[in-house]
Amino acid sequence: MSVFSTFSQQPLPAEADAVIIGAGIQGCATAYYLAKRGAKVVVLEKSRIAGQQSGRAWGFVRAMDRDPAETPLMLACLKLWQGLEAELGTDLEWRQDGNLFLASDEAELARFEIGAARDRIFGIDTKVITPEEISKLIPGLVDPGPGGLWGPKEGQAEPRKVSPAFARKATELGALFFEGCGAIGIDRQAGAVTAVISETGTIRTKKVIVAAGASSFRVMRGLGLILPQQLARFTCSRTNTLPPLSSIAFYGHHIGFRQRPDGSLNLAEELKVDIDLTLDRFRALRWFLPSLWDNRHATSFSVNMATARDLLHRMPWRGEARQPWIHDRDPLIPANGRRIRNAVAQLGRLFPAAVGVQAIESWAGNVDLMPDGIPVLGPVAEIPGLILATGMTGHGFGMGPIVGKLMSEIALDGKPSIDLHAFRFSRYAEGKVGRSTTHY
């Protein structure tokens with residue numbers, strides 16, 4: 001049971017300075033930074049705090065090899081991460097020992113060279129390193145490949161700890177979290193936000209931040225706006241305790257992992273993605289055809305229980321059908337057993353010290369994707385008072401603190417301290433959408 005369940009049981013306030021829809025890392029961080037500045041904040045969460053992707057991520061925190069639009073945000077975010085444990089007063093398993101991406105071949109190594117040169121323009125200490133340098137960084141790795149991209153100042157943290165830490169600190173500052181209480185409507189007057197309707201009551205407010213992750217498109221659709229967002233299922237595991245392999249966040253040779261302080265690993269098969277076929281998969285399909293083609297070798301399509309569950313929730317006698325913003329309160333997202341076995345086997349091949357490793361816990365999460373691989377951040381011009389923080393495309397955990405800070409600035413000051421023009425919602429209506437550089 002969530003440690004925040006007691007907050008969900010208190011009466012809903014009549015009004016708030018800001019209402020946040022969604023209690024993942026974006027929503028929890030936004031609540032904290034708003035409450036820190038004295039704002040009255042209410043967070044509505046249809047399920048539980050960090051119940052979906054924010055608690056299921058790998059835990060990498062990186063500025064390197066990002067879309068250039070995201071790089072300034074992540075440079076600012078790394079500074080926040082460096083002081084976050086002290087600020088929130090708890091252990092987040094924060095470590096800044098670097099990220100290493102191994103190249104699979106010479107072509108990828110050449111792409112890394114371009115990325116490193118771009119990063120250096122922003123002042124990021126990213127460089128391409130040789131197999132010999134990789135072997136010195138990770139002596140237990142049997143195959144360093146042709147080289148890799150090395151970011152010595154990149155970091156990592158534990159996803160299961162960070163969102164609850166933000167929420168806990170926000171509540172100390174007066175923010176109210178309501179779990180099991182989703183938003184089901186927004187009242188407007190002359191087009192502008194005047195209130196949020198929840199499952200248990202209405203809250204008057206002039207500011208609403210939609211940070212609902214993979215459900216954000218449902219909120220926008222309920223407001224008559226189209227957000228071309230899609231979902232993809234990623235599988236991850238936690239292993240038994242192993243001898244020290246590396247304190248570096250590692251990605252390459254078909255796996256990604258980071259070793260936690262207790263010796264266990266968060267382990268995944270290198271950005272392999274599963275698409276569960278539901279009716280929503282055909283929505284905004286035209287936007288995603290280029291990226292689907294680019295990632296065709298890493299993508300699998302499935303008709304499974306998620307398909308059946310989606311159809312069930314659309315039946316007119318179901319409560320979910322009458323509350324489309326909720327749809328599936330706590331989706332069952334099965335881990336892909338084949339991906340788990342592949343990752344475990346590959347880890348044993350690459351690291352002799354890990355032979356016999358076992359996945360003792362596995363999970364999957366729905367990552368919210370945008371066609372151009374970057375999020376939607378900022379106000380929605382069509383509805384004054386509405387602010388979006390969604391579409392993180394697998395980058396949301398690392399960006400969480402800075403997104404929360406910037407959303408609080410927009411809500412309270414009317415503008416953010418970092419230019420967010422590239423992330424505007426209107427870029428889709430304008431047709432100014434680039435090709436995704438994200439490899440998921």
Count of residues meeting criterion [closer than 13 Å to Phe101 by Cα and touching a Ser or Thr at 6+ places or on another chain (Cβ under 9 Å)] in the range 125-140: 2
Test: residue in the range 159-173 that is crowded, with 22+ Cβ neighbours inside 10 Å and assigned to a strand (DSSP E or B): no
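Each row is one residue, and each column tells you yes or no for (1) farther than 26 Å from Lys206 by Cα; (2) in a helix (DSSP H, G or I); (3) under 17 Å from the mean Cα position of the chain (by Cα).
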site: Val43; (1), (2), (3): no, no, no
site: Ala57; (1), (2), (3): yes, no, yes
site: Met64; (1), (2), (3): yes, no, yes
site: Pro68; (1), (2), (3): yes, no, no
site: Pro72; (1), (2), (3): yes, yes, no
site: Lys79; (1), (2), (3): yes, yes, no
Filter result for the condition that a residue is under 30 Å from Tyr32 (Cβ atoms), free of Cβ contacts under 8 Å to residues at least 60 places away in the same chain and of a type in the set (A, V, I, L, M), over Ala86, Ala117, Ala107: Ala86
Of the criteria (1) closer than 17 Å to Glu270 by Cα; (2) in a strand (DSSP E or B); (3) without any contact (Cβ under 8 Å) to a residue 60 or more places away in the chain, which one Arg341 fails: (2)
Hits in the range 201-223 - residues which are at pLDDT 95 or above and polar (S, T, N, Q): Thr202, Thr205, Ser216
Close pairs from the range 371-388: first closer than 24 Å to Ala190 by Cα, partner surrounded by 21 or more Cβ atoms within 10 Å (Cβ to Cβ) and among the small types (Gly, Ala, Ser), Cβ under 6 Å, at least 6 apart: Leu377/Ala389
Selection count, the range 349-373, where residues are out of contact with any strand residue (DSSP E or B) (no Cβ under 8 Å at 6 or more places or on another chain), at pLDDT 95 or above and in a loop (DSSP other than H, G, I, E, B): 1
Any hit, the range 17-26, residues being in the same structural domain as Gly319 (by TED's automatic domain parsing), assigned to a helix (DSSP H, G or I), in contact with a Phe, Trp or Tyr (Cβ under 8 Å, 6 or more places away or on another chain) and closer than 30 Å to Ile197 by Cβ: yes
Residues within the range 209-241 that are more than 30 Å from Ile21 (Cβ to Cβ) and surrounded by fewer than 20 Cβ atoms within 10 Å (Cβ to Cβ), tallied: 2
Every pair of residues 6+ apart whose Cβ atoms lie under 8 Å, when the first sits in the range 316-331 and is more than 18 Å from Ala211 (Cβ to Cβ) and assigned by TED's automatic domain parsing to the domain that holds Arg48 while the second is among the hydrophobic types (A, V, I, L, M, F, W, C) and not in a loop (DSSP other than H, G, I, E, B): Arg318/Leu312; Gln323/Ile184
Wholly within the range 226-328, helices (runs of 4 or more DSSP H) carrying at least 2 residues that are over 22 Å from the mean Cα position of the chain (by Cα) and of a type in the set (A, V, I, L, M): 305-313
Options Ile121, Ile138, Ile49, Ile114: the member that is among the hydrophobic types (A, V, I, L, M, F, W, C) and closer than 30 Å to Thr200 by Cα: Ile49
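The values are calculated or read from the model by the stated rules, or taken from the named source; none is laboratory data. Computed from a prediction, not measured in an experiment: that's the story for all the values here. Virtual Cβ from ideal backbone geometry, glycine too; neighbours counted across all protein chains shown.
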